[in-house]
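Colleague: Encoded as structure tokens, here's the structure I'll be asking about.
None of the figures in this text is laboratory data; all of them are computed from the coordinates on show. Everything numeric in this text was worked out from a predicted model, so none of it was measured. In this analysis, Cβ positions are derived from the backbone assuming ideal geometry, glycine residues included, and neighbour counts consider all displayed protein chains.
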Amino acid sequence: MKKIKYILATLIFLISLSVLAEDWYQVEIIIFDRINPNINEEKWSNEDPIIIPYIIELSSHQETTIGQEPIPYMIMDEKSNRMNGVYRVLRLSSEYRPLMHLSWQQPATKRQQSRYIHIMKDDSEEEISSIDNQEDLIEPEFIEDFKNPNKIIDGSIRIRSGFFLHVDLNLYYYRDLFVEDTIIKEDTEFSETKSEKLIIGLKESRKIKLNERHYFDNPLYGVILQVSRLNDS
């Protein structure tokens, strides 16, 4: 009897692995900030962004034919987004301002094979960093070429599968804030308010469920994330 149970358990495990290998996800995110955040009681300081090796750049959307295999980590057409209603509500709100909204497709992977996806937006029209051909990259001659003074959002998101679905969020928001600066001059201490661009991090690992909207909160900005099966209507 124990042997039969063991065989059944093994078969169930192998079947689950084969199903996992055939699964594809649509990952969708909305990142927004608060127009008038209450930051009086918060003390903000710059965070040093974590550099993640072997990060994946999303590829630009391209039309696919019927029967064609899905393209890993490709940005999906805006019409395929499943949170367009949420995005419209945020755009019409007087309290929130959407910063970016996109979805992409990716295969289901276990923790050992899962990869971080690069998420980046600056104040230009291009929402994220996407690369169509890695061979077209030109190595910069100076370290300054790596810097982007107009960066708004930068970071990474990882979706990993197992018995449960998990997300690892690691984002940074570059925002001008009015901060209080203490100055000592001629034995007199006083404070003045000045504007300074700070890097505000939002890092969290969480177990999630398919088709549910998950909210990640920060006093300055937030993220709404939804993971669903790619072929779900």
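Colleague: By count of other Cβ within 10 Å, fewest leading, how are 34, 158, 206 ordered?
Modeller: On the way: 34 16, 158 19, 206 12.
Going from least to most buried by this count: 206, 34, 158.
Colleague: How far apart, in nm, are the 7 Å Cα→Cβ label points at residue 166 and residue 59?
Modeller: Here the modelled spin labels are 2.8 nm apart.
Colleague: Using 0.36 nm times the number of residues separating residue 39 and residue 91, minus their current alpha carbon distance, what extension gain do you get?
Modeller: Details: separation 52, 0.36 × 52 = 18.72 nm, distance 2.22 nm.
That pair, residue 39 and residue 91, stretches by 16.5 nm at full extension.
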